[in-house]
Amino acid sequence: MYEVIATPFLEDFLVMRPGKSGGFKIPFHRYQELRDTAGDRPCPEWLAAATRKAWGVELSGRSADAVLVREPSSYGYARASYELNLGCNYDCPFCYLGKKEFEGLDWEGRETLLGVMRDAGVVWLQLTGGEPLIDPLFRETYGRAYELGMMLQISSNGSRLHDERNLNLLTQYRPYRITVSVYGATEETYDRTTRRRGTWRQFRRGLAAAREAGLPLRLNVVVVDDNAHELDQMKALADELEAEHFVYSNISPTIHGGPEALSSQSDEHLRARKPFTGCNAGITHFHADPFGLASICKVGRDEQIDLVAEGVEGLAQLPPIADKLMLRTGGCSGCALQDKCGTCRPLAKRYQEANAPLVSYCQHGRR
Ligand code: SF4
Ligand code: SF4
């Protein structure tokens with residue numbers, strides 16, 4: 001297996017190491033040299049010196065197989081997220097997925113989808129769910145994406161991180177990040193918030209095992225009505241694990257525009273969003289659902305492309321879809337406050353479909 005990846009990234013060329021979030025730029029002629037250096041030929045000395053300095057990785061005398069060179073792609077997608085399966089072992093009432101069915105692509109479909117992602121230029125891939133670690137093909141899917149030269153991030157509730165098969169995989173083929181959601185800081189609150197008894201213990205076991213294995217953890221502290229009183233303790237948990245953390249306290253409607261998640265909102269913790277100045281959804285990143293249907297992002301799923309049936313060529317349809325979905329149409333048409341609005345149009349549409357209180361997403365509710 002390779003030690004580092006050399007890849008085009010937007011206008012640049014990068015060398016990266018799995019398990020590390022950073023890398024270094026190389027000029028085009030160096031990238032081209034690596035492309036031409038295949039098989040048994042040794043790694044160039046300039047590369048060996050650079051990887052030694054960056055990560056203490058010794059490539060001197062190693063064959064060129066230690067470098068996986070990603071081919072350029074005319075599609076220009078650098079990032080993607082892939083929801084392996086919507087199924088979850090928790091039953092959080094605030095989940096933005098709504099109904100969580102255990103269904104998705106078979107192995108053949110997943111291989112095709114991951115191949116499409118590789119051909120689209122995807123370097124950073126987030127594997128998510130539902131809970132991805134309970135997906136029956138999680139380890140195979142992760143392994144295939146790694147083999148194709150993708151830098152991997154997993155979003156998880158952490159409850160299966162202590163499973164030895166997962167730990168072996170993740171310590172051998174390292175993700176650059178594992179993002180674990182936090183739903184409470186005590187057993188009583190955590191289990192009540194997830195509506196599953198025993199989840200706190202599993203979560204703590206998973207976190208302890210991941211920390212022990214030196215895996216790169218980040219915590220997403222999810223604040224809802226049921227756990228808001230433990231916010232400081234949840235943050236302290238991240239400090240105790242020496243993990244970076246982010247606090248999420250604005251609850252979204254479901255991806256189907258359903259209102260059911262919104263009743264968990266802690267009104268006291270509702271935060272005003274910064275003005276939305278645009279994003280690259282559908283242009284440099286996209287999302288794939290459990291069936292391999294691609295959308296501009298996790299929220300804007302109004303139009304999807306079947307990547308398994310259409311192949312990488314199908315992605316040419318995404319940029320015009322993105323342009324259309326970003327227009328302030330529907331309930332936002334003619335809004336005089338749109339320049340200062342913090343809610344992108346795809347998200348505003350979900351709130352409007354859910355008949356959410358204006359105060360939760362729209363400036364007209366705050367005046
Ligand atoms: S939800 Fe909105 S801001 Fe986020 S990626 Fe989608 S379009 Fe962009
Ligand atoms: S302020 Fe409200 S109506 Fe105006 S663009 Fe934003 S969400 Fe739409």
Any residue in the stretch 62-77 that is open to solvent by 40 Å² or more (accessible area, probe 1.4 Å), in contact with a Phe, Trp or Tyr (Cβ under 7 Å, 6 or more places away or on another chain) and among the small types (Gly, Ala, Ser)?
-> no
Among Phe102, Phe24, Phe28, which is out of contact with any Lys or Arg (no Cβ under 7 Å at 6 or more places or on another chain) and within 30 Å of Val223 (Cα to Cα)?
-> Phe102
Report yes if Ala322 is of a type in the set (Gly, Ala, Ser), away from ligand 2 (no atom under 16 Å from the Cβ) and more than 25 Å from Cys95 (Cα to Cα), otherwise no.
-> no
Residue check: is Pro275 out of contact with any strand residue (DSSP E or B) (no Cβ under 6 Å at 6 or more places or on another chain) and more than 16 Å from ligand 1 (Cβ to nearest atom)?
-> no
Picked from the stretch 347-365 (must be within 9 Å of ligand 2 (Cβ to nearest atom) and open to solvent by 70 Å² or more (accessible area, probe 1.4 Å)), the residue nearest to Ser264 (Cα to Cα) is Leu358
Can you tell me which residues in the stretch 267-283 are in contact (Cβ under 8 Å) with a residue 60 or more places away in the chain and either open to solvent by less than 30 Å² (accessible area, probe 1.4 Å) or part of a strand (DSSP E or B) (or both)?
-> Ala281
If we ask which residues in the stretch 120-132 are among the hydrophobic types (A, V, I, L, M, F, W, C) and open to solvent by 10 Å² or more (accessible area, probe 1.4 Å), their number turns out to be 1
Consider Met117 against the criteria (1) assigned to a helix (DSSP H, G or I); (2) within 18 Å of Leu217 (Cβ to Cβ); (3) open to solvent by less than 10 Å² (accessible area, probe 1.4 Å): it satisfies all of them except one. Which criterion is unmet?
-> (2)
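Does any residue of the stretch 37-47 turn out to be free of Cβ contacts under 8 Å to residues at least 24 places away in the same chain, outside the structural domain of Gly149 (by TED's automatic domain parsing) and open to solvent by less than 50 Å² (accessible area, probe 1.4 Å)?
Within the stretch 37-47, the first condition is being free of Cβ contacts under 8 Å to residues at least 24 places away in the same chain, and the residues that meet it are 41-42, 44-46.
Then drop every residue that is not outside the structural domain of Gly149 (by TED's automatic domain parsing), which leaves 41-42, 44-46.
Adding the requirement that they be open to solvent by less than 50 Å² (accessible area, probe 1.4 Å) leaves 44.
Looking for residues that are free of Cβ contacts under 8 Å to residues at least 24 places away in the same chain, outside the structural domain of Gly149 (by TED's automatic domain parsing) and open to solvent by less than 50 Å² (accessible area, probe 1.4 Å), one finds at least one in the stretch 37-47, hence yes.
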Output yes when any residue across the stretch 111-126 is closer than 28 Å to Arg196 by Cα and modelled with pLDDT under 95, and no when none is.
-> no
When you look at Gly258, is it under 30 Å from Ala356 (Cβ atoms) and either outside any helix (DSSP H, G or I) or assigned by TED's automatic domain parsing to the domain that holds Cys297 (or both), yes or no?
-> yes
Within the stretch 284-297, restricting to residues that are assigned to a loop (DSSP other than H, G, I, E, B) and more than 10 Å from ligand 1 (Cβ to nearest atom), the one that is most open to solvent (accessible area, probe 1.4 Å) is Phe291
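Can you give me the ranges of the helices (runs of 4 or more DSSP H) entirely in the stretch 298-367 with at least 1 residues that are more than 16 Å from ligand 1 (Cβ to nearest atom) and either of a type in the set (A, V, I, L, M, F, W, C) or not assigned by TED's automatic domain parsing to the domain that holds Tyr96 (or both)?
On the way: elements: 307-310, 318-326, 345-353.
Where helices (runs of 4 or more DSSP H) fall fully within the stretch 298-367 and carry at least 1 residues being more than 16 Å from ligand 1 (Cβ to nearest atom) and either of a type in the set (A, V, I, L, M, F, W, C) or not assigned by TED's automatic domain parsing to the domain that holds Tyr96 (or both), they are 307-310.
List the strands (runs of 3 or more DSSP E) that sit entirely inside the stretch 145-227 and contain at least 3 residues that are at pLDDT 95 or above, open to solvent by 20 Å² or more (accessible area, probe 1.4 Å) and assigned by TED's automatic domain parsing to the domain that holds Glu242.
Values: elements: 151-156, 177-182, 217-222.
Strands (runs of 3 or more DSSP E) meeting the threshold: 217-222.
The values are calculated or read from the model by the stated rules, or taken from the named source; none is laboratory data. These numbers come from a predicted model, not from an experiment. Reconstructed Cβ throughout: ideal geometry from the backbone, glycine too, with neighbour counts over all protein chains shown. Surface accessibility is based on the protein's heavy atoms, side chains included, excluding ligands, DNA and RNA. Shrake-Rupley method; radii C 1.70, N 1.55, O 1.52, S 1.80 Å.
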